[in-house]
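Structure, as structure tokens:
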Amino acid sequence: MSGDVAVGLRRDAIGLREVLFQSVTAMAPAAAVAASIPSGAAFAGGSLPLAVLIALVACLFTASCVAELARELPAAGSVSTYAAQGLHPAVGFLVGWGYVFVEALVPPLLLLQLGFTTADTLHLEWSSYPADLWWPWALAGAVIIAATGYFGVRASARFGTVLGIFEVLVFLVFAVWLIGKADGDNTLSVFGTSHTAEGYQGVSGVFAGSVYTVLAFAGFEAAAPLAEETRDPRRTMHRAVLGAALGIGLFYVVTTYAMTVYFGPDRFATFGASGEASWEGVARASFGLFWVLVFLAVVNSTIANANACATVSTRTAFALARIHVLPRLFATLHPKHRSPVAGIAVQSVVAVGAVLGLGLGYDPVTAFLLLATVIVTVVIGVYIVVNLACAGYFLRRRRELLKPVRQLLLPLLGIAAFVPALLTAAGLPVFGFVTELTAPVSYAGPIVGVWMAAGVVVLLVLMRRHPGRIAETARVHLDDPSPTGLSQNGAARP
């Protein structure tokens, strides 16, 4: 690449459709419907559709804040830039430090799910296939993700769009089919509190179910790091973030309603992510080969989610590297595709290392749970900080644009919605329905603590030696007079 010049991410490379599906696939709708949302059934039972609806409203509070900031601050640094502008550059650095870490762990998380889901299904169909031969499928997924990222944002975004459309259509068609089969059993009572699980009657069961369901919405902000590669980013980012949260939220409500009325509201507390009482189990028992499409949609969802989050991690790392708070290596761009190739290479190594190291060291399901706990804990913490940043930004910097309901009340409601989810994800038994984490999943807290403590050390060193670099976390490069703000080697100008 020495003979070529790459001076920034490719401008105007993608539009609303691709950016919208960046957030959609980061939410992993098919995997969430099949595996994540059913975890709330143990509490909400047949009232799970109401719990999902409440979770949708709660998540829209934070999605609105992200959308407001994405419109004002279109930057690859996304949540890091928002926190730096709305609160303090030091907070912005720590948010970016944590966000890069967990977004880099999402691809191995999904590759593990790809591996054990595929291996289990093949073993179920052909007993001669070893159930523990999961890792070749995970490695194949890693190669696909690395290749799409290497060929640039257009390739990865269009790939994600195709995958996202497929998984959403499969589950929507299945949902319509279930509603039709339910016939006279269709009822709006599932949007009340009369079908909650035993021991969690009434509002308490719905609340517990909604807390677990909230976790299925994580990822709606994933469009924001593509701001510098998007046409009309201020308008497009705002529409993509809100559109993804609202659209997929309604998708969750429809699909959950469909399965609840078909399966039976009063026995829905036994519904889960696997076995006969699951999406795949129902499809196998009642709809013949349709289960294959459900299986493919879930597998598709893992690849699409891994692809979207690899894009997020590499763009956020690029944004922090060009201002020299991460190694400059991460700001290296491919001369033709303008993709952050060094970041993609590191991301691929991390993914393969985590998949094989944790998956073979423990087992793929345990490794999945450990990574999921680390990721969700940090991501929800980031959402809480972004809500604060929204209020801070419009109070401190854009008072003339301040809308008290949208930029003060909604952030507070967003924080209120995510604090219970944070405590639940971390396994802190503040509520009676929270289960304490056991080893090795309980290691998630110390892992997050060590990483963030390391971030504090790096922050203190940078503030002492290069304080200007921390201030640069608040910089919006699209507002620079130069089209890129980068030198010819892809790093920030000193």
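The values are calculated or read from the model by the stated rules, or taken from the named source; none is laboratory data. Keep in mind the model is a prediction, meaning the values are calculated, not measured. Ideal geometry is used to build each Cβ from the backbone, glycine not excepted, and the neighbour counts take in all protein chains shown. The area values use the complete protein model at the heavy-atom level, side chains included, leaving out ligands, DNA and RNA. Shrake-Rupley method; radii C 1.70, N 1.55, O 1.52, S 1.80 Å.
Of all residues being of a type outside the set (A, V, I, L, M, F, W, C) and not in a helix (DSSP H, G or I) in region 374-418, which is surrounded by the fewest Cβ atoms within 10 Å (Cβ to Cβ)? Just the residue, please. Restricting to residues being of a type outside the set (A, V, I, L, M, F, W, C) and not in a helix (DSSP H, G or I), the top hit is Lys403.
For the condition open to solvent by 10 Å² or more (accessible area, probe 1.4 Å), of a type in the set (S, T, N, Q) and either at pLDDT 90 or above or under 21 Å from Ile380 (Cβ atoms) (or both), what is the one hit in Ser78, Ser47, Ser23, Ser39?
Going through Ser78, Ser47, Ser23, Ser39 in turn, just one is open to solvent by 10 Å² or more (accessible area, probe 1.4 Å), of a type in the set (S, T, N, Q) and either at pLDDT 90 or above or under 21 Å from Ile380 (Cβ atoms) (or both): Ser39.
Within region 270-277, identify whether any single residue is assigned to a helix (DSSP H, G or I) and within 26 Å of the chain's Cα centre (by Cα), and answer yes or no. No, there is no match, as no residue in region 270-277 is assigned to a helix (DSSP H, G or I) and within 26 Å of the chain's Cα centre (by Cα). Does Thr62 count as hydroxyl-bearing (Ser, Thr, Tyr), over 15 Å from Gly381 (Cβ atoms), open to solvent by less than 10 Å² (accessible area, probe 1.4 Å) and in a helix (DSSP H, G or I)? So Thr62 does not fit the description; no. Going by the conditions given, is Thr236 open to solvent by 10 Å² or more (accessible area, probe 1.4 Å) and of a type in the set (Val, Ile, Thr)? Against the criterion (open to solvent by 10 Å² or more (accessible area, probe 1.4 Å) and of a type in the set (Val, Ile, Thr)), Thr236 qualifies.
Confirm whether Ala421 is under 21 Å from the mean Cα position of the chain (by Cα), under 17 Å from Phe101 (Cα atoms), assigned to a helix (DSSP H, G or I) and not polar (S, T, N, Q). When the stated conditions are applied, Ala421 does not pass them.
For region 317-333, give me each residue that is surrounded by 19 or more Cβ atoms within 10 Å (Cβ to Cβ), of a type outside the set (Val, Ile, Thr) and in contact with a Pro (Cβ under 9 Å, 6 or more places away or on another chain). The answer is Ala317, Phe318, Ala319, Ala321, Phe330, Ala331, Leu333. Apart from one condition, Val253 fits all of (1) within 30 Å of Phe431 (Cβ to Cβ); (2) surrounded by fewer than 22 Cβ atoms within 10 Å (Cβ to Cβ); (3) modelled with pLDDT of 90 or more; (4) more than 20 Å from the chain's Cα centre (by Cα); the exception is (4). Listed by first and then second residue, the pairs with beta-carbon distance under 6 Å, at least 6 apart or on different chains, first residue in region 219-231 and more than 16 Å from Gly164 (Cβ to Cβ) and open to solvent by 10 Å² or more (accessible area, probe 1.4 Å), second acidic (Asp, Glu) and in a helix (DSSP H, G or I), form an empty list.
Of all the numbered requirements in (1) touching a residue at least 60 places away in the same chain (Cβ under 8 Å); (2) buried (at least 18 other Cβ atoms within 10 Å of the Cβ), Phe263 misses one, and that requirement is (1). The condition of being within 18 Å of the chain's Cα centre (by Cα) and assigned to a helix (DSSP H, G or I) holds for only one of Leu94, Leu114, that being Leu114. Residues that are closer than 26 Å to Thr25 by Cα and among the basic types (Lys, Arg) within region 303-335 comprise just one, Arg315. With respect to (1) closer than 16 Å to Phe174 by Cβ; (2) open to solvent by 20 Å² or more (accessible area, probe 1.4 Å); (3) among the polar types (S, T, N, Q), the lone exception for Asn300 is condition (2).
Pull up region 431-450, narrow it to residues that are surrounded by 12 or more Cβ atoms within 10 Å (Cβ to Cβ), over 15 Å from Ser210 (Cβ atoms) and over 20 Å from the mean Cα position of the chain (by Cα), then point me to the one that is modelled with the lowest pLDDT. So the residue we want is Leu437. Selection of region 121-131 for residues being free of Cβ contacts under 8 Å to residues at least 60 places away in the same chain and either open to solvent by less than 100 Å² (accessible area, probe 1.4 Å) or not in a helix (DSSP H, G or I) (or both) yields Leu122, His123, Glu125, Trp126, Ser127, Ser128, Tyr129, Pro130, Ala131.
Out of curiosity, is Gly359 small (Gly, Ala, Ser), farther than 23 Å from Val79 by Cβ, part of a helix (DSSP H, G or I) and open to solvent by less than 30 Å² (accessible area, probe 1.4 Å)?
On the way: small (Gly, Ala, Ser): yes; farther than 23 Å from Val79 by Cβ: yes; part of a helix (DSSP H, G or I): yes; open to solvent by less than 30 Å² (accessible area, probe 1.4 Å): yes.
Yes; evaluated as a whole, the condition is true for this residue.
Annotation note: of Ala283, Ala269, Ala273, the sole residue that is open to solvent by 10 Å² or more (accessible area, probe 1.4 Å), over 24 Å from Ala26 (Cα atoms), out of contact with any strand residue (DSSP E or B) (no Cβ under 9 Å at 6 or more places or on another chain) and of a type in the set (A, V, I, L, M, F, W, C) is Ala269.
Would you confirm, using the coordinates I've provided, whether Thr196 is open to solvent by less than 30 Å² (accessible area, probe 1.4 Å), over 30 Å from Phe318 (Cα atoms) and not in a helix (DSSP H, G or I)?
In short, yes.
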